[in-house]
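The values are calculated or read from the model by the stated rules, or taken from the named source; none is laboratory data. Worth saying up front: this structure is predicted, and the values here are computed from it rather than measured. Cβ coordinates were reconstructed from backbone atoms using ideal geometry, including for glycine residues, and neighbour counts include every protein chain displayed. Remember, those area values only see protein heavy atoms, side chains included, never the ligands or the DNA or RNA. Shrake-Rupley method; radii C 1.70, N 1.55, O 1.52, S 1.80 Å.
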Amino acid sequence: MVKMCHYPRLTGLLMSGLLLSGAILANDSPDNKLDWSARSRYADLSGSESARAASLLLRATWDAQWNDILSSHLQVDNVSRAFKNDHSDGVDLNGKPIIPDAGGADLNQAYVGMDFDSVHLKLGRQKINWDDQRFIGGNGFWQNEQTFDAALATVKFLSNSQFSYAYIGNVNRIFGDRADKYLDSNDQGYGNPSVERSPSLLGDHKHHTHIAQLAFNEWDYSQIVAYGYHMDNLTMPSASNNTLGANYTFTYKWDSIKYRLKIESALQKQPESNSNAMLPYYLLDANVGVNRIEFSARYEVLGHKDDVNFITPLGSAHDFQGASNEIQNYMKWGVKDASLGISVRATPFKIEAQYHQFFAHTTSDYLAQELDFTFSYRPSRKHVVSLLAAYFQPDTGALKGRSERKLYLDYSYNF
């Protein structure tokens, strides 16, 4: 059964939007667009423990433009799994490592949109991908992506700038609706359906969260973004935080050479912790592209004070701190991530490689290294084949010197 919004205020907002759309539907015929897509995946993990999984995502999307003002978007997913005994998916736990491509059907998005010249509103279940998704995003790498039950307003001003604000009442996480409060009686090591699931593995987190972003884009080469997040996670209070930050991006192209520089800083306070510390975040990201080759260097710091780490619970660590997602297990003292990357495009092929070195923020101790490699083949818009390989080697903790290897082979088809 598909769950709707869990937070009463947001449910009321959603129902108001649906009633408004119903009133307009009585007089208008929509401009419809129906899309289908599929993504199959084989995943293989080896190291201290081994696991494998295969999954198939089928997605149907219906867009309707009812008139000049009102539109709607509906998206339904279904994920099927194979090799169920060879991995845990975050919902079914059998003692094997987790590959979080959870199975089942899900209402991925269902929202009403309203356009009033410079003001755009969205009400309902939706993706919210802000900036580069470091703080707010959908974790779209996984078969069941993260979406938000939210009311979102975007106001455009000046020539190309905008202010965005969203109220979030529920976060639909990558584990899906089957990851409810209690574990299944068949889960290994539990054997009792009254045992509660860890909050970090729940499919839904109730929120009373406000997020805002102001993006200035009035210059040829520069963009400034300021943001503030008041994340109140009612289901998992330890993930609540208040964060203020800003970033500056400079982009310039000269003949066949393209430069991009991004600097960012933020401060965070976690009200549920026993500390009043302001936790720092810093980023320096530089890219140079020459024809079809791009070189990148990135230095990111997630700070630590008073036994509390800077966190990004609604963002995607997978895209920034290594595709293995392993460094999160070693961040007791915060983390400094220094990485170098290269990508080569030769249509229809793209090859990317990235190397990370991780250090503790407070002690500067060396934690681990990681090498990621991605190969993509896109012969047309409809077909995409990609191979992602991640190699992680820790230098601290119980698994010191023992590497973890992860491989993901995907095939996507867009009808």
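Of all DSSP-defined beta bridges confined to segment 48-165, some 100% are antiparallel rather than parallel. Counting only lysines at least 8 places from K305 when in the same chain, those with an alpha carbon closer than 30 Å to its own are K206, K262, K269, K332, K336, K400. Heavy-atom surface analysis with a 1.4 Å probe gives the chain a carbon and sulfur content of 56 percent of its accessible area.
A 1.4 Å probe run over the protein chains yields, for the chain, 49 Å² of accessible area per residue, whole-number rounding. Multiplying the residue separation of S159 and D117 by 0.36 nm and removing their Cα-Cα distance gives an extension gain of 13.8 nm. A crude spin-label estimate for the pair D35 and Y221, with each label 7 Å from Cα along the Cβ direction, gives 3.5 nm. Does segment 174-310 come out rounded, prolate or oblate, given a ≥ b ≥ c as the square roots of the eigenvalues of its C-alpha gyration tensor, rounded meaning a/c under 1.5 and, failing that, prolate meaning a/b above b/c? Prolate, because a/c is 1.5 or more and a/b exceeds b/c.
For V344 and L244, a Förster radius of 35 Å and the Cβ-Cβ distance give a FRET efficiency of 0.40, rounded to the nearest 0.05. Going by accessible surface with a 1.4 Å probe and the largest first, E218, E370 read E218, E370.
Taken one residue at a time, the phi angles of segment 291-302 give Karplus couplings (6.51, -1.76, 1.60, θ = phi - 60°) of 6, 9, 10, 10, 10, 9, 9, 9, 10, 10, 10, 10 Hz. Gly and Pro are set to x. Between F373 and A212, the contour length at 0.36 nm per residue exceeds the alpha carbon distance by 54.5 nm. The 3J(HN,Hα) values that the Karplus relation (6.51, -1.76, 1.60; θ = phi - 60°) gives for segment 171-179 are, in residue order, 10, 8, 8, 5, 7, x, 6, 6, 7 Hz. Gly and Pro appear as x. Considering only alpha-carbon pairs that sit under 8 angstrom and 6 or more positions apart, the relative contact order computed for the chain is 11 percent. The fraction of all Cα pairs in the chain landing in successive 20 Å bins from 0 to the largest distance is 23, 61, 16, 0, given as whole percents.
Here the peptides 140-149, 123-132, 226-235, 252-261 are ranked by packing, the mean other Cβ count within 10 Å, and the order with the highest first is 140-149, 123-132, 226-235, 252-261. For T363 and L261, the FRET efficiency from 1/(1 + (r/R0)^6), where r spans their Cβ atoms and R0 equals 30 Å, is about 0.55. A crude spin-label estimate for the pair N78 and D184, with each label 7 Å from Cα along the Cβ direction, gives 1.8 nm.
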